[in-house]
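Here's the structure, in structure tokens; my notes come after.
The values are calculated or read from the model by the stated rules, or taken from the named source; none is laboratory data. It should be emphasised that the depicted structure is a prediction, and the values quoted were computed from it without experimental measurement. As a convention, Cβ positions derive from the backbone with ideal geometry for all residues, glycine included, and neighbour counts pool all protein chains shown. Areas reflect the complete protein model, heavy atoms only, side chains present, ligands, DNA and RNA absent. Shrake-Rupley method; radii C 1.70, N 1.55, O 1.52, S 1.80 Å.
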Protein chains: 4
Amino acid sequence: MHAQQMISTHPHVKGNTNDALIRCIEECYSCAQACTSCADACLGEDMVNQLTQCIRLNLDCADVCAATGSIATRRTGSNEEVIRRMLEACAVACRLCGEECERHAGMHEHCRICAESCRRCERACREALSSMAH
Amino acid sequence: MHAQQMISTHPHVKGNTNDALIRCIEECYSCAQACTSCADACLGEDMVNQLTQCIRLNLDCADVCAATGSIATRRTGSNEEVIRRMLEACAVACRLCGEECERHAGMHEHCRICAESCRRCERACREALSSMAH
Amino acid sequence: MHAQQMISTHPHVKGNTNDALIRCIEECYSCAQACTSCADACLGEDMVNQLTQCIRLNLDCADVCAATGSIATRRTGSNEEVIRRMLEACAVACRLCGEECERHAGMHEHCRICAESCRRCERACREALSSMAH
Amino acid sequence: MHAQQMISTHPHVKGNTNDALIRCIEECYSCAQACTSCADACLGEDMVNQLTQCIRLNLDCADVCAATGSIATRRTGSNEEVIRRMLEACAVACRLCGEECERHAGMHEHCRICAESCRRCERACREALSSMAH
């Protein structure tokens, strides 16, 4: 991913990037992939009927992360309140999904890796929020 | 759209649907289309350089609406806090996009129609939030 | 959904809409919702382990339909080859998902309704393709 | 991005990954971000009215890449024909978007970087297609 390069060449940004926000964008795209993949791996497990809540949270988290990644990417004009709300929603979605995945981490390696991705994305969302504070 | 039919046949719902939430789901998908279309129509206007903030808000609103529509559709397991956060983010995105589109409504019919769609979706999100209140 | 109203007010369209394409856009958004909903309802069934292929096709079909609906909405500039490829991919995704849902239609009402939605969307994609033929 | 780690732990994959497909998944997510970012940077340029076709292709390419990345991620059950169609559509979307961005590469650094991302993603889609050939 080249979010840093792309955003630093935006005409209004001119190299003056918010690095916390850029890390967050990259974690959002990465977590969207991890959650899509974990939902699918859970669906392939023999014990899928014990993983339905995990799949639900994975799918929701993937949707929030993908939307947050796109929205946080945009630098033309401004829409700070929406970015802030989405970063908050994304931190919550990642926290809940990470907690659920953690419960299955001992049994399913994909849940363990996905939980780590959710934790990193949650932290990145919170740091991006702090970096935007008035 | 057949969200009512689809969700009422979910094994855990069994006809006992939250009608405010279902209306909201339909408005989210509809508003995602309207905002995608308005961004594109603004981009096609000769005065596009005066519509860049409108396009930005349209694109962000389309992303939030699409994610909210998917997330609010799911009824297996539970993820109430994420649904709530997304309904709030969506109401904000729709309010801001609707206000911006309203400014161009006299000049651009697509902005007038999109503003209406945003208002309906904002209201539907707020009603869905009320319907979920403890 | 107000795709007709939105697209007919695009500055380059000026009321001269391709009605087959607009019907297709509406079916794509509708089918994206139906497939998201059917994946979730299948996940909530006791016999979920017999529905994993159906869930897989539902999730894929929802992704293709959502992307196709957005792309087919845009009228500024041109990107005919991509629209055409996506309409073809969407027709295939809908056919395969509709066939799989049809297999469970006697047992699960959500699969029966979703199969109908997939069939309508497949047909709408094919009619949109014909309407764009040279 | 940890697509390799995630997919190699899928219960049906068990470490036996298709590396060309995994590289393609990562390029799809990366290109979705680059195209979203380039559309936004073009929108922020003073000469936006000369970049409307580029923005159109960027937005379409972002949609195709995001859908292709999700669909190619899934390994439960099978849906080869849809993956194949989406990889083809994605290669076309990336080729056309990359060619358009290339035209502005001398003037806009974001177009130059995005063109490279599109080229890498196009190549990765074609290599993934080859790797799936019967």
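For the protein assembly as shown, the Cβ-based charge dipole about the Cα centre amounts to some 0 debye (Lys, Arg positive; Asp, Glu negative; other atoms uncharged).
Each peptide in A:113-119, D:35-41, C:100-106 was scored by the mean count of other Cβ atoms within 10 Å over its residues; highest first, the order is D:35-41, A:113-119, C:100-106.
Residue by residue along B:13-23, Cβ atoms of other protein chains within 10 Å of the local Cβ number 0 on average. Rounded to the nearest whole Hz, the Karplus-based 3J(HN,Hα) values (6.51 cos²θ - 1.76 cosθ + 1.60, θ = phi - 60°) of region C:72-79 follow the sequence 5, 5, 6, 10, 6, x, 7, 7, with x at glycine and proline. Using only Cα atoms, tell me the angle between helix A:109-132 and the longest principal axis of chain A; keep it within 0 to 90° and round to the nearest 10. Approximately 30 degrees, to the nearest 10.
Sorted shortest first, the separations between the D:ALA133 label point and its copies elsewhere in the assembly read 3.1, 5.7, 6.4 nm; each point sits 7 Å from Cα along the Cα-to-Cβ line.
Per residue, how large is the accessible surface of chain C? Use a 1.4 angstrom probe and give square angstrom.
On the way: 4630 Å² over 134 residues.
With the other protein chains kept in place, chain C gives 35 Å² per residue.
Of the trypsin sites (Lys or Arg not before Pro) found in region A:1-102, the ones in coil according to DSSP and having at most 10 other Cβ atoms within 10 Å of their Cβ are A:LYS14. Straightening the chain between B:SER131 and B:ASP46 buys 26.2 nm, computed as 0.36 nm per residue apart minus the Cα-Cα spacing.
Placing pseudo-labels 7 Å out from each Cα toward the beta carbon at A:HIS12 and B:ASN16 gives an inter-label distance of 4.8 nm. Seen from B:CYS111, the other residues with C-beta closer than 13 Å to its C-beta sum to a net charge of -4, counting Lys and Arg as +1 and Asp and Glu as -1.
Quick one: angle between helix C:19-43 and the longest Cα principal axis of chain C, in degrees between 0 and 90, rounded to 10, please. Value to nearest ten degrees: 20. Short to long, the 20 Å bins of the Cα pair-distance histogram for the protein assembly as shown hold 25, 63, 12, 0 percent of all pairs.
Assign unit charges at the C-beta atoms only (+1 for Lys and Arg, -1 for Asp and Glu), then state the dipole size of chain A relative to its Cα centre in Debye, rounded to the nearest 20.
The dipole magnitude comes to about 520 debye.
Our note on the geometry: Cα centres of region C:1-68 and region D:56-81, 15 Å apart.
Here A:MET47 yields copy-to-copy label distances, from shortest upward, of 2.4, 6.1, 6.3 nm, the label point defined as 7 Å from Cα along Cα to C-beta. Across region A:62-71, rounded Karplus estimates of 3J(HN,Hα) from the backbone phi angles (6.51 cos²θ - 1.76 cosθ + 1.60, θ = phi - 60°) give 4, 5, 5, 4, 5, 5, 5, x, 5, 5 Hz, Gly and Pro being marked x. Counting protein heavy atoms only, region A:19-131 has 42 percent of its accessible area on carbon and sulfur, 1.4 angstrom probe. Charges were assigned to the Cβ only: +1 to each Lys and Arg, -1 to each Asp and Glu. The resulting dipole of region B:68-134 about its Cα centre is roughly 180 debye.
Projecting the Cα atoms of D:CYS94, D:HIS108, D:ILE22 onto the dipole axis of region D:19-131, where Lys and Arg carry +1 and Asp and Glu carry -1 at the beta carbon, places D:ILE22 farthest toward the positive end. Taking every residue in C:44-50 and counting other chain Cβ atoms within 10 Å of its Cβ, the average works out to 5. On the rotation that sends chain B to chain C, the chain B Cβ lying closest to the axis gives residue and distance in whole Å as B:TYR29, 2.
Quick one: buried accessible area between D and A, total over both chains, 1.4 angstrom probe, nearest 100 Å²? Present the calculation step by step, with values, prior to reporting the outcome.
Numbers: alone 7540 and 7530 Å², together 12170 Å².
Buried area (both sides, nearest 100 Å²): 2900 Å².
In the assembly of identical copies, A:GLU102 has its label point, taken 7 Å from Cα in the direction of the beta carbon, separated from the corresponding points by 4.4, 4.7, 4.9 nm (ascending, one decimal).
What is chain C's relative contact order, in percent, from Cα pairs under 8 angstrom and six or more apart in sequence?
On the way: 174 pairs, mean separation 40.1, N = 134.
Value for chain C: 30 percent.
For region B:7-134, compute the orientation-averaged projected area of the C-alpha convex hull (one quarter of its surface), in nm². Intermediate values should be presented prior to the final figure.
Numbers: hull surface 29.6 nm².
Here the figure is 7.4 nm², rounded to one decimal.
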